[in-house]
Amino acid sequence: MEEISKTYDPKKSEEKWYSYWIEHGFFHSEPDDREPYTMVMPPPNVTGVLHMGHVLNNTIQDVLVRRARMQGKNACWVPGTDHASIATEAKVVAMLKEKGIEKNNLSREKFLEYAWEWKEKYGGIIIEQLKTLGCSCDWDRIRFTMDDNLNKAVINVFVDLYKKGNIYRGVRMINWDPKGLTAVSDEEVNYKEVDSRLFYVRYKIEGSDDEWITIATTRPETILGDTAICVHPNDERYKKLIGKHAIVPMVNRSVPIIADEYITMEFGTGALKVTPAHDINDYNLGIKHHLPSIDTINPDGTMSKEAGFYIGEDRFIVRNKIAKDLEAMGQIVKIENIKNKVGYSERTDAVIEPKLSIQWFLKMDQISKPALENVLNGTIKLIPEKYINTYRHWMENVHDWCISRQLWWGQRIPAWYCIDAPKAECRETIVSETDPGKCPHCGSKNIRQDEDVLDTWFSSWLWPISVFDGFKSPGNKDINYYYPTNDLVTAPEILFFWVARMIIAGYEYLDKQPFSHVYLTGTVRDKIGRKMSKSLGNSPDPLDLIAKYGADGVRVGILLCSPAGNDLTFDESLCEQGRNFSNKLWNSFRLITTWNPEEIAPNDDAIKNTEWFKNKLNEQIAIIEQHFSSYRISEALMAIYKLVWDDFCSEYLERIKISCRNGFPKRIYDDTIQYLEALLKLVHPFMPFITEEIWDNIRQRQEKEKIIISRFPAPEKHDTVLVSHFEDIRKSFVRNGRNLHQEINLPLKQKLILLSPDPNTVGLTTSDLELSGSIYQTTGANMTKDKLGFVLKDTEFIFCLPEGVVLDKSQERDKLQKELDYYKGFLRSVDAKLANPKFVNNAKPEIIQNEKNKKADAEAKINALEKQLENL
């Protein structure tokens, strides 16, 4: 074996192996006779750069796909990016402003030229960063949601759903983003609890001298659009006012006082101002009671001409102004400070303004039913299962999806309108995959296309189908082979934005689920529980972490603390732990390279140690397999980590060094290399770079022998009794022997003398004795009469001190008494449980037997401890 460097260089290894894997096509997949394993990457926005959430999500995906590849499956991980209409358009508008260019001064075509230039320059940044992380995507298959075929799929699906009667256009109350200047769906609104003020404003009853009705509102700026006041029909305070009119302050508008059971008498004053243009509930009341709608707020959040006052001023500035003006008029009764939930745009963080608007909608009530049914029946499994109830609640109460956005960047809605419209039928919307060129009813070429684009999610909901050109060629070999995909790894916050809608599309167009499992990651948080974000300054740059700790170290660091579906507390020290793990692997490999195998027979100690690790390895492989099967990725990593660090490095290699110090048998050397190779395979999905580096150094392998396509270890038969004996006796003997040295301040090189039992009768080996700091001897001049010991299972180990060392009997007696008291207390608790008829009658037989075993062990230890105390 060639001499290897003293220290591992992550940067050199990462650059070398990632280039090698791509050049030799290890990530690429084409349909063949193997079982496929398919994942589609949740496409990051083209505006994005790598953050810790991406690191978590994509590391988990890479672990799954690398393991599948090593299992002999045809692994295909399709990467891509999302055009992100709102975010990208905002970036382009900002870029143009820096150049002194206003979007409003550009044609749509010219603006899109700038947008495509921006996308080509910046849109691939995150892709290159994912490569740095080690993601083994099929880069030959990379897709973008505005690629030609994907664009055509979106347009065709829109037309198809329109023809089926599932898409319609109408005036509805929608969530309006005044900063993004577009509608957003209900799922794109984040509600935050903020400090607000509740204004109590009195309205004069029309025709009265001094009769008033008081309402409470958090948005006094909308008073200018009031068209009614509503009370509960059974509210005794207001019964006499129902049917009368009140005067809206400032605008002096006469509005009716109406009654409706929708009103909550206990909230505020029990009287509600009704502003149909600016509140969804008011809008519904307006429809029911035939009230007019007055839109007093412009799309950019300023007051409109219809408001009559404060025209062109920002809504929040007006809130303070109108409050002062109303107070000056004597119409503010009081102001209370309250906590209030306010909706914010997920994309721009602007406060959402409910607004009446003409929009396009997709009916969701019927089309969503298969997507609910097939999650509830287990065809699609959500991991963890706790999200099933959340999913069911949302799907059972689903609203129509507002799919239009008032933007230029995105798929333009394929609808045209006849401008001339000489015939009544010309006023019908023309929906077509391509520009019709003229009105089909009158022949006029004076037609215009709808200005809006489709919601970004309306393209990404087709992602698992469209990336395989499933709409372009429904029977193509890719869609037939790779669909449905296996696993989807994503964040819980887009369970409804994206996951549910992909399921809907899958059943609508292929009558199949798009994936079998949905692994929902947690949110990455800092040490004090805050969500990591660049705006808070609490999120490290992943590229800086990779430069400092290596990609393998960062991957391990993020996964050490990431149980599925639960938020994870990330600390940079975890990446340091990951780097240390890399160094541990490297140093163990370097140690093995120093051994010179010889054709000699191994001694009994070496054989027992290698047999133990062989069985321990297979025991843990079975456990690791269970973790993977249950998508417990973090637990699988931790089991591998302990197997490598504790069992292989700290136990096995240390024992082999002792048992082979007088010559290294080739059989033991070969076994050790095989164990190392098996461990590298287990580690590879998590730490691909260092494992490929060590693997390649072991025997200078050929291309076809790289670890990336080696066979992932499968569990084999193993001797559980042998493994248990090592844990319970051999390993515990070493630990307890070392503890005795510490308790009596005896250096480990001064050997305790084991008097009983004979090591051979309990399966102890030479390495056990040496590591514990003891020797076996029953007679001799170098022995003292002072005795001490410990109990393992039902075996008592008795030692005496080397000559010249005096035992502090008082201290030893106190220690034994404390241990005896503990076991007596433990025995009482077990006896109480076994004496409880309810427990004995209801517990499973194996549980009862386990308690009986505990009782027997405790009794044996009590007996041994009492003897030791008696001897003292």
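The values are calculated or read from the model by the stated rules, or taken from the named source; none is laboratory data. Please read all numbers here as calculations on a predicted model, not as lab measurements. Glycine also receives a Cβ, built like all others from the backbone with ideal geometry; neighbour counts cover every protein chain displayed. Please note that ligands, DNA and RNA were not included when accessible areas were found on the heavy atoms of the full protein model with its side chains. Shrake-Rupley method; radii C 1.70, N 1.55, O 1.52, S 1.80 Å.
Structure notes:
- In segment 444-465, the residues that are closer than 30 Å to residue 40 by Cα and open to solvent by 10 Å² or more (accessible area, probe 1.4 Å) form Cβ pairs under 8 Å with partners that are assigned to a loop (DSSP other than H, G, I, E, B) and at pLDDT 95 or above, at six or more places apart or across chains, as follows: 452/413; 456/83; 456/145; 456/410.
- Unmet requirement for residue 553, which otherwise passes all of (1) of a type outside the set (Ser, Thr, Tyr); (2) open to solvent by less than 40 Å² (accessible area, probe 1.4 Å); (3) assigned to a loop (DSSP other than H, G, I, E, B); (4) modelled with pLDDT of 95 or more: (3)
- Flag for residue 115 being farther than 30 Å from residue 15 by Cβ, in contact with a helix residue (DSSP H, G or I) (Cβ under 6 Å, 6 or more places away or on another chain) and outside any loop (DSSP other than H, G, I, E, B): yes
- Verdict on residue 683 being closer than 23 Å to residue 629 by Cα and under 36 Å from the mean Cα position of the chain (by Cα): yes
- Qualifying positions in segment 484-534 - hydroxyl-bearing (Ser, Thr, Tyr) and either under 19 Å from the mean Cα position of the chain (by Cα) or open to solvent by less than 10 Å² (accessible area, probe 1.4 Å) (or both): 485, 490, 516, 519, 521, 523, 533
- Spans of helices (runs of 4 or more DSSP H) in segment 614-718 with at least 1 residues closer than 30 Å to residue 522 by Cβ, among the aliphatic types (A, V, I, L, M) and out of contact with any strand residue (DSSP E or B) (no Cβ under 6 Å at 6 or more places or on another chain): 633-642, 666-683, 688-699
- The requirement of being hydroxyl-bearing (Ser, Thr, Tyr), at pLDDT 95 or above and either under 26 Å from residue 631 (Cβ atoms) or touching an Asp or Glu at 6+ places or on another chain (Cβ under 7 Å) (or both) is not satisfied by residue 390.
- Candidates 388, 403, 413, 380, filtered to the one that is within 21 Å of the chain's Cα centre (by Cα), open to solvent by less than 20 Å² (accessible area, probe 1.4 Å) and β-branched (Val, Ile, Thr): 380
- Every pair of residues 6+ apart whose Cβ atoms lie under 7 Å, when the first sits in segment 348-377 and is without any contact (Cβ under 8 Å) to a residue 40 or more places away in the chain and hydrophobic (A, V, I, L, M, F, W, C) while the second is part of a helix (DSSP H, G or I) and open to solvent by less than 20 Å² (accessible area, probe 1.4 Å): 372/395
- Subset of segment 130-140 [assigned to a helix (DSSP H, G or I), more than 19 Å from the chain's Cα centre (by Cα) and either of a type in the set (A, V, I, L, M) or under 27 Å from residue 559 (Cα atoms) (or both)]: 131, 132, 139
- Any hit, segment 470-477, residues being open to solvent by 30 Å² or more (accessible area, probe 1.4 Å), touching a residue at least 12 places away in the same chain (Cβ under 8 Å) and touching a Lys or Arg at 6+ places or on another chain (Cβ under 9 Å): yes
- Filter result for the condition that a residue is part of a strand (DSSP E or B) and at pLDDT 95 or above, over 154, 159, 201, 171: 201
- Pairs, first under 20 Å from residue 45 (Cβ atoms) in segment 91-120, second of a type in the set (Gly, Ala, Ser), C-beta under 6 Å, six or more apart: 92/115
- Hey, residue 429 among the β-branched types (Val, Ile, Thr), farther than 28 Å from residue 511 by Cβ, open to solvent by 20 Å² or more (accessible area, probe 1.4 Å) and touching a residue at least 40 places away in the same chain (Cβ under 8 Å) or not: yes
- Contacts under 8 angstrom Cβ, first residue in segment 636-652 being farther than 21 Å from residue 558 by Cα, partner open to solvent by 10 Å² or more (accessible area, probe 1.4 Å) and of a type in the set (Lys, Arg), 6 or more apart: 647/616; 649/584; 651/731
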